[in-house]
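Notes to accompany the following structure.
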Amino acid sequence: MEKPSAGLWRKIKPRYNLVGSQCKKCGSTYFPPRIVCKNCGRESRMEDRQFAGDGEVVSFTTIRVPPDTFKDEAPYIVGIIKLSEGPNVEGHIIDNGRKVEVGTKVKAAFRRMYVDGEEGLIYYHYKFEPI
Amino acid sequence: MSGIVGYGAHVPIYRIKVEEIAKVWGEDADAIKSGLNIREKSVPGRDEDAATIAVEAARRAVRHSGINPKEMGAVYVGSESHPYAVKPTATVVIESIGASSSVMAADLEFACKAGTAGIQAAMGLVDSGMIKYGMSIGADTSQGRPGDALEYTASAGGAAFIVGKDKHEVIANILKTVSYTSDTPDFWRREGAMFPTHSGRFTGEPGYFRHITGATKLMLETTGFKPVDFTYAVFHQPNGKFPMVVAKQLGFTEKQIEPGLLTPVIGNTYSGASMLGLASTLDVAKPGERILVTSFGSGAGSDSFIIEATENIDAKRGMATKVRGLIDSNKMYIDYATYLKDKDFIKGR
Ligand SMILES: [Zn+2]
């Protein structure tokens, strides 16, 4: 069993609710959240931005040889999703029987990401489901 | 008077048919299907548990209600399959709906009726003016021991209800609630035990029937309403048969319970069952129509409610995720081997 990392508490909002950031100066959106805007540097004015969770598949791959954490999940699909608000987000794509292709429309769902053994934490996370 | 300002549901997309389970144990599928009035049941995905189901239902309820989640004053989650023994499911829910940190939150447990007990608690807090909105969720991923009769019915799903009292927001008034409770050991699960134990096929009479009838009769006697005064009725549904029998005993018709009778197609969602039945009934209820709801939890007790749809129900319908739509729109049938793997029932892995 692992102890939760010190930063875990800060990661809950992004992981549960797709909370990223947006620069008020130029409008650029980021996920995961950034402290400094890539365009505006020292001029950037960042604020939290919760993304709606709909988007489309930009690229994907099927994992057949998973890390230990996901050994019982394989095969499973991970992909890069372009959110409707702009940023590209990496995430697991749920197998709901619908075909996954580049351009497949998806929406965010709330799922268990992994369970740390018999006694450790249960990690919840967004995943994407094809619609 | 408090009422419902929004509701939401979640049912996993995976299904297993009665035939698939029956063939493993050499049982007669047709006899089970007609005896229990069930065709198939929902099965949670490997990455779903009572918390993820509660969150999906809660998010849909918030969207349907149109309220600001920062104004949520209390969140209760009723389940008999909370993912942690110690670490409240309600904490995961409040974070995932964007509630403020000043929210009251707790997990409840009363077998299949903890979610309706949470609605009663929320009503009290709203009516007293302590909070503006309260949410109660019933969600479960129930377990049936392989080979046990419960294996045909124990399924997964949940529903969330938001209680408020602004008459411009309430889609259905809750006219009254009563409970009927006793110490009846019909069904239990000890701490750490993987599967529940039940007293066998004779538990229906002292458990389900006595408590549902006790609460419903108490409600009818104290309000003067008769079964004909309700357009719809919802009773807890551990299988598809019991609610039909108890409805008939109490003087309700099959037509009254039809919109809320979901167990034949999704199984017994435990804490979700009567609440999903109510949500599915509200999906079709018109202004002025009354619904009688009586839940049941082993151990044992029943909560009964009289709910009356208001003019607002039609206006908010567009934001609701219809329960029947959720159940029918996307289904994936799995075989028994996949079912065992997904439920982590395979030893030596
Ligand atoms: Zn910028």
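The values are calculated or read from the model by the stated rules, or taken from the named source; none is laboratory data. None of the values given here were measured: they were computed from a predicted structure. Every residue, glycine as well, gets a Cβ built from its backbone with ideal geometry; the counts of neighbours run over all protein chains shown. Calculation scope for accessible area: heavy atoms of the full protein, side chains included, ligands and nucleic acids excluded. Shrake-Rupley method; radii C 1.70, N 1.55, O 1.52, S 1.80 Å.
The table that follows gives values for the structure above.
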| read-out | value |
| --- | --- |
| Whichever residue in the stretch A:47-60 is within 14 Å of chain B (Cβ to nearest Cβ) and outside any loop (DSSP other than H, G, I, E, B) and, among such residues, is farthest from the ligand (Cβ to nearest atom) | A:D54 |
| Members of the stretch A:19-36 found to be free of Cβ contacts under 8 Å to residues at least 40 places away in the same chain and either away from the ligand (no atom under 13 Å from the Cβ) or part of a loop (DSSP other than H, G, I, E, B) (or both), listed by number | A:V19, A:K24, A:K25, A:C26, A:G27, A:P32, A:P33, A:R34, A:I35, A:V36 |
| Output for the stretch B:38-58, where each listed residue is touching a helix residue (DSSP H, G or I) at 6+ places or on another chain (Cβ under 6 Å), crowded, with 24+ Cβ neighbours inside 10 Å and within 10 Å of chain A (Cβ to nearest Cβ) | B:A51, B:A54, B:V55, B:A58 |
| Every residue from the stretch B:83-100 that is open to solvent by 40 Å² or more (accessible area, probe 1.4 Å) and either more than 12 Å from chain A (Cβ to nearest Cβ) or aliphatic (A, V, I, L, M) (or both) | B:A85, B:V86, B:P88 |
| Any hit, the stretch B:19-37, residues being within 11 Å of chain A (Cβ to nearest Cβ) and among the basic types (K, R) | no |
| Test: B:A300 is in contact (Cβ under 8 Å) with a residue 24 or more places away in the chain and not hydroxyl-bearing (S, T, Y) | yes |
| Breaking point among (1) surrounded by fewer than 14 Cβ atoms within 10 Å (Cβ to Cβ); (2) in contact (Cβ under 8 Å) with a residue 24 or more places away in the chain; (3) in contact with a Pro (Cβ under 9 Å, 6 or more places away or on another chain); (4) aliphatic (A, V, I, L, M), for A:I93 | (1) |
| In the stretch A:79-90, residue farthest from B:T338 (Cα to Cα) [restricted to those that are in a strand (DSSP E or B) and open to solvent by less than 30 Å² (accessible area, probe 1.4 Å)] | A:L83 |
| Residue in the stretch B:75-82 that is crowded, with 24+ Cβ neighbours inside 10 Å, in the same structural domain as B:D127 (by TED's automatic domain parsing) and among the aliphatic types (A, V, I, L, M) present | yes |
| Scan of the stretch B:256-312 for residues that are polar (S, T, N, Q), open to solvent by 10 Å² or more (accessible area, probe 1.4 Å) and part of a loop (DSSP other than H, G, I, E, B), ordered by number | B:S298, B:T310 |
| Residue count, the stretch B:122-145 (criterion: over 27 Å from B:P12 (Cβ atoms), surrounded by fewer than 24 Cβ atoms within 10 Å (Cβ to Cβ) and touching a residue at least 40 places away in the same chain (Cβ under 8 Å)) | 6 |
| Check on A:R111, open to solvent by 40 Å² or more (accessible area, probe 1.4 Å) and either away from the ligand (no atom under 16 Å from the Cβ) or more than 16 Å from A:H125 (Cα to Cα) (or both) | no |
| Qualifying residue in the stretch A:97-110 (condition: without any contact (Cβ under 8 Å) to a residue 12 or more places away in the chain, within 26 Å of B:Y84 (Cβ to Cβ), within 11 Å of another protein chain (Cβ to nearest Cβ) and part of a strand (DSSP E or B)) | no |
| Near pairs, Cβ below 8 angstrom, 6+ apart or cross-chain, from the stretch B:233-255 (not assigned by TED's automatic domain parsing to the domain that holds B:T294) to any residue that is of a type in the set (D, E) and open to solvent by less than 60 Å² (accessible area, probe 1.4 Å) | none |
| Evaluation of B:E109 against (1) under 17 Å from the mean Cα position of the chain (by Cα); (2) surrounded by fewer than 24 Cβ atoms within 10 Å (Cβ to Cβ); (3) within 11 Å of another protein chain (Cβ to nearest Cβ) (one fails), failing number | (3) |
| Residue within the stretch B:109-117 that is part of a strand (DSSP E or B), out of contact with any Ser or Thr (no Cβ under 7 Å at 6 or more places or on another chain) and closer than 19 Å to B:V5 by Cα present | no |
| Qualifying residue in the stretch A:48-57 (condition: open to solvent by less than 40 Å² (accessible area, probe 1.4 Å), touching a Ser or Thr at 6+ places or on another chain (Cβ under 8 Å) and β-branched (V, I, T)) | yes |
| Residue match in the stretch A:64-73 (condition: within 16 Å of the ligand (Cβ to nearest atom) and open to solvent by 60 Å² or more (accessible area, probe 1.4 Å)) | no |
| Residue match in the stretch A:37-46 (condition: among the hydroxyl-bearing types (S, T, Y), within 11 Å of the ligand (Cβ to nearest atom) and not in a helix (DSSP H, G or I)) | yes |
